[in-house]
Amino acid sequence: MLERDLQDYLFNNPEILFPDQVIDRKRREVFIDGRRIDLLFEVCGVHYIIELKRDTIRREDIGQVFEYYGLMRQSNETDRKSTRLNSSHANIS
């Protein structure tokens, strides 16, 4: 399975990540300040950043998600909605 396949699957089946919740909005490959968020979901008014990685998550990967979080907060200073951090990985052959 390729990372793209996993991204497609999660985008098309968000209930896997958010069972029994209302998905308000879903976006893929969201560009913010020159960087790309793999998936961005808004569930019950909360933003979830999903960053997919091919292998085991490293410290730098967590930092990448925090960077996205900070960029989103800066770009949404007037928007007081919460943003949650989430990092996912898959062992892709």
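The values are calculated or read from the model by the stated rules, or taken from the named source; none is laboratory data. Please read these numbers as outputs of a predicted model, since none were measured by experiment. Reconstructed Cβ throughout: ideal geometry from the backbone, glycine too, with neighbour counts over all protein chains shown. Side chains included, ligands, DNA and RNA excluded: accessible areas come from the protein's heavy atoms. Shrake-Rupley method; radii C 1.70, N 1.55, O 1.52, S 1.80 Å.
The single condition among (1) surrounded by 11 or more Cβ atoms within 10 Å (Cβ to Cβ); (2) farther than 18 Å from Leu2 by Cβ; (3) in contact with a strand residue (DSSP E or B) (Cβ under 7 Å, 6 or more places away or on another chain) that Asp33 does not satisfy is (3).
Looking only at residues in the range 15-30 that are open to solvent by 90 Å² or more (accessible area, probe 1.4 Å) and β-branched (Val, Ile, Thr), the one that is farthest from Leu52 (Cα to Cα) is Val22.
Among the criteria (1) among the acidic types (Asp, Glu); (2) in a helix (DSSP H, G or I); (3) at pLDDT 90 or above; (4) open to solvent by less than 60 Å² (accessible area, probe 1.4 Å), the one Glu51 does not fulfil is (2). Consider Ile62 carefully, then state whether it is open to solvent by 30 Å² or more (accessible area, probe 1.4 Å), β-branched (Val, Ile, Thr) and in a helix (DSSP H, G or I). Yes, satisfied.
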